[in-house]
Amino acid sequence: MSVAELKERHMAATQTLNALTHKLKQKRLLLLDTDLSGYARSQGKSPVTFGPTDLVCCRTLQGHTGKVYSLDWTSEKNRIVSASQDGRLIVWNALTSQKTHAIKLPCAWVMTCAFSPGGQSVACGGLDSVCSIFSLNSPSDKDGNLPVSRMLNGHKGYVSSCQYVPDEDTHLITASGDQTCVLWDITTGLRTSVFGGEFQSGHTGDVLSVSINGSNSRMFVSGSCDSTVRLWDTRVASRAVRTFHGHEGDVNTVRFFPDGHRFGTGSDDGTCRLFDIRTGHQLQEYSRPHGDNEVPHVTSIAFSISGRLLFAGYTNGDCYVWDTLLAKVVLDLGSLQNSHDGRISCLGLSGDGSALCTGSWDTSLKIWAFGGHRAVI
């Protein structure tokens, strides 16, 4: 068989596959007779209500001299690590606002940071295509800087996101502009598995975010510039378990729902969405109508402990609190006193759900405390 005939057969097979994929998508849409908010309304659910003192800014963390790009809480809730364009990681005591570490980075163009589950190490990555690990217990060098304890080399593009595997200080997953995700063994510095890349089921654009399932750490999702989210099983790196469609722009952020059966997304198309990993269906879209002006992009999301609230940061400085059941905005932190002056670039909830931290291009971080009963929502 000639090369031309092989190419012709390949093109025909690709067209058939695309046609079947489209037909399957249409069949799935026909099965969806309602969404989450429609069902909740039919059950008589009422939206969450917020009073003026239910969520207040109780701390402003100042110390960075550049745009804040990423933050993460420790599991014991009292410390935060933040990464900034000033080329530093700062570890904060969230209760006192004091800085416990200010780490000068090998590459100033940092994009992501994460605490280890035990809280003794922090990881970061950026445009140098390397994920750097710092042990907070290491002695400082003669210049007062904390040395890098491990450099994870292997990506061929910038490192956009990193997250430690829950309850494991020795493994983490990174996402990269090289269209792959990598599971690393930090002890050896070697790649355990590569997800995507040469595999056809991988992403076809830069991977921007990852989230590991807290209920099953073998499963994680990745969001990409190809407008899709993919579900992966760390035991089977050769193919994605499932691909989720729906967004019409870059998927900037993904986050698992507390029960591990669903996950949320945020995109350049200005929407957040909720997907079910078991059915592959979109359960809900969270969006507000906008005028003729440019639609603000969603940069970061987080769920409350119960999953009833979805926090979403936007490029225009808004930070909406969505009622996930009824798809209604119940509060905009951007309208409250002491709110940020610039783009909300990152946010995260403390381990016990009692506080929210937001980071911004205005170079500051803010801690928002829940009043009374709000801690259990």
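The values are calculated or read from the model by the stated rules, or taken from the named source; none is laboratory data. Everything numeric here is computed off the predicted structure, so don't read it as measured data. Counting neighbours? That spans all protein chains shown, and the Cβs are built from the backbone with ideal geometry, glycine included.
Report yes if some residue within region 20-33 is in contact (Cβ under 8 Å) with a residue 24 or more places away in the chain and in contact with an Asp or Glu (Cβ under 7 Å, 6 or more places away or on another chain); otherwise report no.
Within region 20-33, not a single residue is in contact (Cβ under 8 Å) with a residue 24 or more places away in the chain and in contact with an Asp or Glu (Cβ under 7 Å, 6 or more places away or on another chain).
Mind listing whichever residues of region 127-143 are over 21 Å from residue 74 (Cα atoms) and at pLDDT 90 or above?
Answer for region 127-143, where residues must be over 21 Å from residue 74 (Cα atoms) and at pLDDT 90 or above: 127, 128, 129, 130.
Assess whether residue 281 counts as being out of contact with any Leu (no Cβ under 9 Å at 6 or more places or on another chain) and in the same structural domain as residue 111 (by TED's automatic domain parsing).
It is false that residue 281 is out of contact with any Leu (no Cβ under 9 Å at 6 or more places or on another chain) and in the same structural domain as residue 111 (by TED's automatic domain parsing).
Only one of these is out of contact with any helix residue (DSSP H, G or I) (no Cβ under 6 Å at 6 or more places or on another chain), farther than 24 Å from residue 107 by Cβ and surrounded by 15 or more Cβ atoms within 10 Å (Cβ to Cβ): 48, 91, 81, 68. Name it.
Going through 48, 91, 81, 68 in turn, the sole match is 48.
Any residue in region 126-139 that's free of Cβ contacts under 8 Å to residues at least 24 places away in the same chain: show its pairings with residues that are assigned to a strand (DSSP E or B) at Cβ separation under 7 Å, as long as the two are six or more apart or on different chains.
Matching pairs, first to second residue: 135/121.
Considering 329, 298, which residue is within 27 Å of residue 244 (Cα to Cα) and within 19 Å of the chain's Cα centre (by Cα)?
Only one candidate passes the filter, namely 298.
Here are the criteria: (1) surrounded by fewer than 13 Cβ atoms within 10 Å (Cβ to Cβ); (2) assigned to a helix (DSSP H, G or I). Tell me which single one residue 34 does not satisfy.
(2)
Between 318, 341, 332, which is touching a helix residue (DSSP H, G or I) at 6+ places or on another chain (Cβ under 8 Å), more than 30 Å from residue 26 (Cβ to Cβ), free of Cβ contacts under 8 Å to residues at least 40 places away in the same chain and surrounded by fewer than 22 Cβ atoms within 10 Å (Cβ to Cβ)?
Step by step, each of 318, 341, 332 is checked, and only 318 is touching a helix residue (DSSP H, G or I) at 6+ places or on another chain (Cβ under 8 Å), more than 30 Å from residue 26 (Cβ to Cβ), free of Cβ contacts under 8 Å to residues at least 40 places away in the same chain and surrounded by fewer than 22 Cβ atoms within 10 Å (Cβ to Cβ).
Do the conditions hold for residue 127, that is, is it farther than 19 Å from residue 177 by Cα and in the same structural domain as residue 76 (by TED's automatic domain parsing)?
no
Looking at (1) closer than 24 Å to residue 102 by Cβ; (2) outside any loop (DSSP other than H, G, I, E, B); (3) of a type in the set (Val, Ile, Thr), find the lone condition where residue 148 falls short.
(2)
Are any of the residues in region 14-35 more than 22 Å from the chain's Cα centre (by Cα) and within 30 Å of residue 356 (Cα to Cα)?
Yes, region 14-35 has at least one match.
Can you confirm whether region 249-264 contains a residue that is of a type in the set (Gly, Ala, Ser), in contact (Cβ under 8 Å) with a residue 24 or more places away in the chain, surrounded by fewer than 21 Cβ atoms within 10 Å (Cβ to Cβ) and within 16 Å of residue 208 (Cβ to Cβ)?
Among the residues of region 249-264, at least one is of a type in the set (Gly, Ala, Ser), in contact (Cβ under 8 Å) with a residue 24 or more places away in the chain, surrounded by fewer than 21 Cβ atoms within 10 Å (Cβ to Cβ) and within 16 Å of residue 208 (Cβ to Cβ), which makes the answer yes.
Filter region 197-217 for residues that are under 14 Å from residue 155 (Cβ atoms) and in contact (Cβ under 8 Å) with a residue 40 or more places away in the chain and give the result.
If the condition is that a residue be under 14 Å from residue 155 (Cβ atoms) and in contact (Cβ under 8 Å) with a residue 40 or more places away in the chain, then 206, 207, 208, 210 are the ones that fit.
Quick one: count up the residues across region 305-318 that are under 15 Å from residue 369 (Cβ atoms) and modelled with pLDDT of 95 or more.
Here the count works out to 2.
Any residue in region 218-242 that is assigned by TED's automatic domain parsing to the domain that holds residue 266 and farther than 22 Å from residue 24 by Cα sitting within a Cβ distance under 8 Å of a residue that is of a type in the set (A, V, I, L, M, F, W, C) and surrounded by fewer than 17 Cβ atoms within 10 Å (Cβ to Cβ)? List the pairs, counting only those 6 or more apart or interchain.
From residues that are assigned by TED's automatic domain parsing to the domain that holds residue 266 and farther than 22 Å from residue 24 by Cα, the pairs are 219/241; 233/241; 237/199; 238/199.
Please go through region 43-80 and give me each residue that is touching a Leu at 6+ places or on another chain (Cβ under 6 Å) and farther than 25 Å from residue 332 by Cβ, ordered by number.
Across region 43-80, the qualifying residue is only 78.
Report yes if some residue within region 186-198 is at positive phi, buried (at least 19 other Cβ atoms within 10 Å of the Cβ) and either over 16 Å from the mean Cα position of the chain (by Cα) or in a loop (DSSP other than H, G, I, E, B) (or both); otherwise report no.
yes
For region 152-185, what are the residues that are free of Cβ contacts under 8 Å to residues at least 40 places away in the same chain and either in a strand (DSSP E or B) or in contact with a helix residue (DSSP H, G or I) (Cβ under 9 Å, 6 or more places away or on another chain) (or both)?
152, 153, 171, 180, 182, 185
Please enumerate the residues belonging to region 90-126 that are modelled with pLDDT of 95 or more and of a type in the set (Phe, Trp, Tyr).
92, 115
If you take the residues of region 281-304 that are of a type outside the set (S, T, N, Q) and touching a helix residue (DSSP H, G or I) at 6+ places or on another chain (Cβ under 7 Å), which of them is farthest from residue 340 (Cα to Cα)?
Among them, the one singled out is 281.
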